[in-house]
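Structure first, commentary second.
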Amino acid sequence: MTHSETDGATAELPAELLVRMHELMVKGRVLEERLITMWRQGDGYFWIGGPGEEAFNVPLGMLVQKGCGVAYDYLHLHYRSSGTLLAMGADPVDSLRQMKNTARDPYSGGRNFVGHYSVRKWNVVPVSSPIEVQFSMAPGTALAQKRHGGTGITIVQGGDAGTAEADFYAGLLWSSRKGAELPVLMIVTNNQWGISTAYDGQHPATTRIADMGKAFGMPTAVIDGNDPEVAYRELSKAMEYVRRERKPYLVEAMVSRLRGHSSATGAAFVKSETDCLALFEEKLAARGIITREGADAMRTSFTAELLEASKRVIAEPQPDPSTIWDHVFATKNLVGER
Amino acid sequence: MTHSETDGATAELPAELLVRMHELMVKGRVLEERLITMWRQGDGYFWIGGPGEEAFNVPLGMLVQKGCGVAYDYLHLHYRSSGTLLAMGADPVDSLRQMKNTARDPYSGGRNFVGHYSVRKWNVVPVSSPIEVQFSMAPGTALAQKRHGGTGITIVQGGDAGTAEADFYAGLLWSSRKGAELPVLMIVTNNQWGISTAYDGQHPATTRIADMGKAFGMPTAVIDGNDPEVAYRELSKAMEYVRRERKPYLVEAMVSRLRGHSSATGAAFVKSETDCLALFEEKLAARGIITREGADAMRTSFTAELLEASKRVIAEPQPDPSTIWDHVFATKNLVGER
Amino acid sequence: MTTIAQAIRLALHVGEERHGVTDIFGEDVGAPLGGVFTCTQGLKTAWNSPLDERGIVGTAIGLALAGQKPVAEIQFSDYAYNTIDLLKLAGAMHWSSAGDWNCPLVVMTPTGAGIRGSLYHSHSFDATATHLPGWRVVIPSNPRDAYGLMLSAIREPNPVLFMIPKALMRYRGEEGEDIPGAPDQKTLDEMINKPVTGDMSQWAARWPETPDLFIPFGEARTVREGRDVTVVTYSRHVVIAREACAELAREGVDVELIDLRSLAPYDWAAIAKSVKKTHRVVFVNEELDVTNFGEHLVRRVVDELFYELYAPPRLVAGAMVPGVGLSDNLERASVPQKDDLVRAIRETAKHQP
Amino acid sequence: MTTIAQAIRLALHVGEERHGVTDIFGEDVGAPLGGVFTCTQGLKTAWNSPLDERGIVGTAIGLALAGQKPVAEIQFSDYAYNTIDLLKLAGAMHWSSAGDWNCPLVVMTPTGAGIRGSLYHSHSFDATATHLPGWRVVIPSNPRDAYGLMLSAIREPNPVLFMIPKALMRYRGEEGEDIPGAPDQKTLDEMINKPVTGDMSQWAARWPETPDLFIPFGEARTVREGRDVTVVTYSRHVVIAREACAELAREGVDVELIDLRSLAPYDWAAIAKSVKKTHRVVFVNEELDVTNFGEHLVRRVVDELFYELYAPPRLVAGAMVPGVGLSDNLERASVPQKDDLVRAIRETAKHQP
Ligand SMILES: Cc1ncc(C[n+]2csc(CCOP(=O)(O)OP(=O)(O)O)c2C)c(N)n1
Ligand SMILES: Cc1ncc(C[n+]2csc(CCOP(=O)(O)OP(=O)(O)O)c2C)c(N)n1
Ligand SMILES: [Mg+2]
Ligand SMILES: [Mg+2]
């Protein structure tokens, strides 16, 4: 192993932070389960999402400097980012709307798959299906931020298989040009799969994804993304560097894919993968920070809440056919607004 | 400097090899000068070529395992490869034909710019103008060779600025997948320029192009491409590795750009750049292997020869307008032939 | 009865066994999945590539130049738009080298809407494909054509783009549209479909004997003869148009339906013959409405058959908007539906000389 | 008298000074070269990018999303074909987010043949460009339009593709085609052309005052009024068509010549009005002959004006071959020349009602 692996076991975070983190992880998990059920019941054509990435994505969302415009963080995410959005304060009901592609889906007006967020007021750039294009766009928002000064950074995230796309390389190169380094936090959530294709055999034998950062002179870390304490601490460290130095940093986080790739591959629970939520709950219970019963009660109540919400969402109108013609062209500039 | 630089000064090659190398370098230089003159005199619309890269490209051509099909080396070159082609035995008059875009231009039938070689009988894949695409194709020929066995390898070459293109990354990745490594010799001829854009400021501050190879676990070398002895020895070493191990190797060769980018930037001689040919002639003269007079005489005679040839070429017919319709589609398979 | 996905699988198998196919590759093309639409299950030369469309096309070109016979897949045609330069390069290889090299690769890719695939699993690719010089471009609408066109693609010395209508992957075709001599449905499913449950790591297909069937490029198929209006289409709109024809027949409008199958080259003779008979023509496809291959066909009709026409030639195509929306309402409003065809044909039929 | 290259430079300068342009970038766009055609010499926000078209477009999108105003250059449109997915993404940004975001970038790129640029410096890009939903697409044929369209592009809230006819970079236009109030040629050259010899590291442009001139998208210009045939074209074929018109005038054929200037949106009203007057129309461009934007225009004429036509509408376009060959013989045979236009127009004019 060429990388210094971080040993997360040692760091303990304040209890209230852990409790908050746990709650968000539960909400994230329950939301995804509701979405999968909706798909199973025919209330949505396709599901894709982030079960198994909560321990990483929730801390990420909590650490975002949230706002609109260059003073705040820009997020270029992919389709497993529900944990991040929930931690930022997104309403889970809106995800149900996108799942059911209703007219009120705020992210795409019933046009796009679930998990394809777009929140301009929080600098969340539209998530799009083509893998890895976000890495080509990230240097653009980061350049604007570098110019502006301050502490706003660009966060860009994608999967392991996707790093084979050219855009990952573009992200690395454009962020690290001598004298023009950019404040980009590059994140690879490595679940060891691209749909049905295993990591092994698609990447070099003796190096790992994070090593790419080294070839561009940027600091890198390989972290256990199944431990939210590790994730929180490592992300804090990385963000602090990027915010201060205005230079890029690459994090490779090892995560799980608990429901397979998407509904296209069945979305069944994968027992062989580490369940970060179960693990975290055990740990917190052992430390006396939460109780099993408390956790279960929270889960049950949130499940009930989302079930009720889904009933309302299912009854919402579908977008009118004529709306295909809406928003083909903007009539004024929105992105300059604050 | 993270790389072990090679010290070429120590290696001495057999005199007859040096003499042969020198002769080819002179021929390469004289050919390019003739082409530039043709452009100046209006006998051709555009010039681009390799003055300043002879010390690297000639040894490369000499070391090629030349032939047709998977048992031999495939060459994916770019537009500065006249030295390599001459060393392989190409007729310089054919380059004059391509310069003047005559009907008899064997490389493209008067269609393409000079330096855009295509020699199927020697596995020289058509050179095309788009920068770096050759690096995406190289794994394909190499895969065929790996499958076939033997010692044939794929050689792919491009400039320094071009490494920013995605295809360079594709070449690295596809050649180095675990268990599926490919016999590719990747070469970057680094002249520190992309047209008018300096290397400095377009690449990371603390790493260099060859470091990319390290991130993929392949051996790398940064060599002085202005010294043909170094180039010969380093290329031999790299080729031997690739031929035997059937795995990739990345060479970054520092070279000169003696006539600027192309005729578009004037093609004037650039005095501030190292002239590999002048240097080599001094060295060989000091060692008593050649004499100044002998070298000059050779140059004069070759210059006269090409001047005469150019007169004949200029008188050759242009391609008939109707030939635009020729070869749009192949009527039979050629690439399977031996 | 074979599905289109099975027909492709069978053709690729025959290609491997008898016609020199060396590599069938792309994202998730090899084991365990055998393609997101199962088109490549159980094939001996199938392998999984990195998630990199440029590398896929580039490597396919390299393989072709080295005398191999690659069939490369782009998982969805929606994801081919970062490779257009490479596709152009392959199409130019023979021409730019003045006949020195050729580049015999096959690129196959699922295309079109109809499966509620939202923005990025609904694109049509015909406009881009037919604008690529040096390429053969085909798109079958039934299992027999899928099989026979794939075998022709494999033997072709030029680059071939083989598009597969996503919405017809499991379509079994009508009478006469099956592979000659194919086993019955149940037998075939058992032989070559990988079961979806259980440990399948040792599973192997049992391949039936299927014939060498080469459907030539540039030969259209008249699906239905008619007297009043010619409808020229391809891909899943052949199936939709067939329904439209049946409906119109009940109104007394007799439609001649042509399935182009091959877009480059395309069967101009068949179109011209039919238009000379009916004097009215409607083209249908689901590509975006501006700079559409169907517009080329309209232009050619106008160029060569202007004085034969009783009605303006028409094109029914997709809405010129950035994507196909997920909601059924949106998808139906974005790509031509049966009713759109019926209306356009009915209206065209009304024009009198 | 301003050249097109100078007009663009002046517009970009005004854009930097008065309309919020933050980044003018691409390969060799910054100092010392200021663009391979000098369009970006001396501009304060111009910078050199890595040799990576995907990164250029991607970064431009990111800049736009962050409220900047980037003008990104692709050095030749021939090298934009690996970015089509990103162009599509930019065009879909507003729509896919249901109006949440917009993406106000300008991509400028030299295009077309006419300079003996061989295979990879002769491509036309209009077919691809007009098939990109969500984009504005413009292409000027003279300095005034170049200036006024670039200023409109800079103020536009949507992505704009600004194509520049390579062959007209140094073209100064006819009477009335200059920037209002521009200095005389010699003065302007001295003020804003970087001298080609000497140490120029300290050189700075002296910018003349030029006005805010916004030429609206979707407004064609009637270059010449005529009675017999309408010719609709754009880019360098405006200049070529003008010569053809003059020649035909001597034969008594009176041509109305329309310069479209903007391809998306395009000025349908202007085309329709003219065709209703002349009843004959010839479209001209130099793109490949199959799936060509001109075919869309032919189709629309047929759709909406069929019964107005005295002659089949025609398109004169480039040969459907993999490239434009270097030899003058080959280039002339591949893209429409004046004589091709004269022949097509003359032939169209002959048709009687
Ligand atoms: C450009 C592109 N090619 C192919 C696909 C189809 N596709 C969707 S997800 C996926 C695998 C992604 O794997 P990875 O990057 O590891 O992310 P993960 O899903 O494992 O989180 C593929 C191939 C796509 N969406 N975009
Ligand atoms: C894809 C592409 N983009 C842009 C160009 C225009 N262009 C031709 S050569 C060149 C610079 C290449 O620099 P480098 O790779 O260092 O090679 P060198 O010419 O220095 O040997 C550029 C930008 C091109 N040919 N292809
Ligand atoms: Mg993954
Ligand atoms: Mg260089």
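If we scan region D:113-120, do we find a residue that is free of Cβ contacts under 8 Å to residues at least 60 places away in the same chain and crowded, with 24+ Cβ neighbours inside 10 Å?
no
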**Message:** When the residues of region C:123-134 are narrowed to those that are in a loop (DSSP other than H, G, I, E, B) and under 14 Å from the mean Cα position of the chain (by Cα), which ends up nearest to the other protein chains (Cβ to nearest Cβ)?
**Reply:** C:HIS123
**Request:** Select the helices (runs of 4 or more DSSP H) contained entirely in region D:280-353, then report the ones holding at least 2 residues which are away from chain B (no Cβ under 11 Å) and of a type in the set (A, V, I, L, M, F, W, C).
**Result:** D:293-305, D:338-350
**Request:** Can you tell me which residue among B:MET254, B:MET212, B:MET218, B:MET239 is surrounded by fewer than 22 Cβ atoms within 10 Å (Cβ to Cβ) and among the hydrophobic types (A, V, I, L, M, F, W, C)?
**Result:** B:MET254
**Asked** Quick one: A:ASN112 ticks every box in (1) under 25 Å from D:GLU53 (Cα atoms); (2) within 8 Å of another protein chain (Cβ to nearest Cβ) bar one, so which box is it?
**Response** (1)
**Asked** Considering only region A:137-163, how many residues are in contact with a helix residue (DSSP H, G or I) (Cβ under 6 Å, 6 or more places away or on another chain) and within 16 Å of ligand 3 (Cβ to nearest atom)?
**Response** 1
**Fill in**
Out of (1) under 21 Å from D:VAL239 (Cα atoms); (2) surrounded by 19 or more Cβ atoms within 10 Å (Cβ to Cβ), the one D:VAL321 does not meet is (1)
**Item:** Residues of region D:227-279 satisfying the condition of being touching a residue at least 40 places away in the same chain (Cβ under 8 Å), in a helix (DSSP H, G or I) and farther than 15 Å from D:LEU341 by Cβ
**Value:** D:ALA270, D:ILE271, D:SER274, D:VAL275, D:LYS277, D:THR278
**Asked** So which residues in region A:75-88 are under 13 Å from A:ASN123 (Cβ atoms) and surrounded by fewer than 24 Cβ atoms within 10 Å (Cβ to Cβ)?
**Response** A:MET88
**Complete:** Within region A:116-144, residues under 29 Å from A:MET99 (Cβ atoms) and either more than 10 Å from chain D (Cβ to nearest Cβ) or free of Cβ contacts under 8 Å to residues at least 40 places away in the same chain (or both) come out as A:HIS116, A:SER118, A:VAL119, A:TRP122, A:PRO126, A:SER128, A:PRO130, A:ILE131, A:GLU132, A:VAL133, A:SER136
**Fill in**
The correct count of residues that are of a type outside the set (A, V, I, L, M) and either within 16 Å of ligand 4 (Cβ to nearest atom) or more than 22 Å from C:GLY117 (Cβ to Cβ) (or both) in region C:69-95 is 7
**Message:** If I filter region B:289-338 down to residues being hydroxyl-bearing (Ser, Thr, Tyr) and within 14 Å of chain D (Cβ to nearest Cβ), which single residue comes out as farthest from C:SER97 (Cα to Cα)?
**Reply:** B:SER322
**Message:** So if I check each of D:ILE115, D:ILE154, which one is in contact with a helix residue (DSSP H, G or I) (Cβ under 6 Å, 6 or more places away or on another chain), in a loop (DSSP other than H, G, I, E, B) and either among the aliphatic types (A, V, I, L, M) or away from chain A (no Cβ under 14 Å) (or both)?
**Reply:** D:ILE115
**Complete:** For region A:191-204, the count of residues that are within 11 Å of ligand 3 (Cβ to nearest atom) and either at pLDDT below 95 or among the acidic types (Asp, Glu) (or both) equals 0
**Pairs with Cβ under 6 Å, 6+ apart, first in region D:160-184 and farther than 13 Å from D:SER124 by Cα and part of a strand (DSSP E or B), second among the charged types (D, E, K, R) and modelled with pLDDT of 95 or more** = D:VAL160/D:ARG136
**Message:** Step by step: first the residues of region C:20-64, then only those that are within 12 Å of chain B (Cβ to nearest Cβ) and touching a Lys or Arg at 6+ places or on another chain (Cβ under 6 Å), then the one that is nearest to ligand 1 (Cβ to nearest atom). Which residue is that?
**Reply:** C:THR22
**Request:** Evaluate the following for A:ALA215: is it among the hydrophobic types (A, V, I, L, M, F, W, C), away from ligand 3 (no atom under 16 Å from the Cβ) and either modelled with pLDDT of 95 or more or over 26 Å from C:PHE76 (Cα atoms) (or both)?
**Result:** yes
**Prompt:** Quick one: which of C:ILE271, C:ILE215 is hydrophobic (A, V, I, L, M, F, W, C), at pLDDT 95 or above and out of contact with any strand residue (DSSP E or B) (no Cβ under 8 Å at 6 or more places or on another chain)?
**Reply:** C:ILE215
**Prompt:** Which of the residues spanning region D:188-226 are farther than 24 Å from D:ALA167 by Cα and without any contact (Cβ under 8 Å) to a residue 24 or more places away in the chain?
**Reply:** D:THR197, D:GLY198, D:ASP199, D:GLN202, D:ARG206
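Results for (1) out of contact with any helix residue (DSSP H, G or I) (no Cβ under 7 Å at 6 or more places or on another chain); (2) away from ligand 3 (no atom under 16 Å from the Cβ); (3) within 18 Å of A:GLY171 (Cβ to Cβ); (4) of a type in the set (D, E, K, R), shown as yes or no for each residue.
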{"residue": "A:THR189", "(1), (2), (3), (4)": "no, no, yes, no"}
{"residue": "A:ARG208", "(1), (2), (3), (4)": "yes, no, yes, yes"}
{"residue": "A:ASP211", "(1), (2), (3), (4)": "no, yes, yes, yes"}
{"residue": "A:ASN226", "(1), (2), (3), (4)": "no, no, no, no"}
{"residue": "A:VAL230", "(1), (2), (3), (4)": "no, yes, no, no"}
{"residue": "A:LYS237", "(1), (2), (3), (4)": "yes, yes, no, yes"}
{"residue": "A:TYR241", "(1), (2), (3), (4)": "yes, yes, yes, no"}
**Item:** Residues of region C:69-104 that turn out to be facing chain B (nearest Cβ under 7 Å) and more than 16 Å from ligand 1 (Cβ to nearest atom), as a count
**Value:** 12
**Asked** In region B:290-308, how many residues are among the hydrophobic types (A, V, I, L, M, F, W, C) and surrounded by fewer than 18 Cβ atoms within 10 Å (Cβ to Cβ)?
**Response** 4
**Message:** Can you tell me which residue is farthest from A:SER236 (Cα to Cα) among those in region A:89-109 that are surrounded by 24 or more Cβ atoms within 10 Å (Cβ to Cβ) and away from chain D (no Cβ under 13 Å)?
**Reply:** A:LYS100
**Item:** Verdict on B:GLU273 being among the charged types (D, E, K, R), within 14 Å of chain D (Cβ to nearest Cβ) and over 30 Å from C:TRP135 (Cβ atoms)
**Value:** no
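The values are calculated or read from the model by the stated rules, or taken from the named source; none is laboratory data. Since the model is a prediction, treat every value here as computed from it, not as a measurement. Every residue, glycine among them, receives a Cβ derived from its backbone with ideal geometry; neighbour counts consider all protein chains shown.
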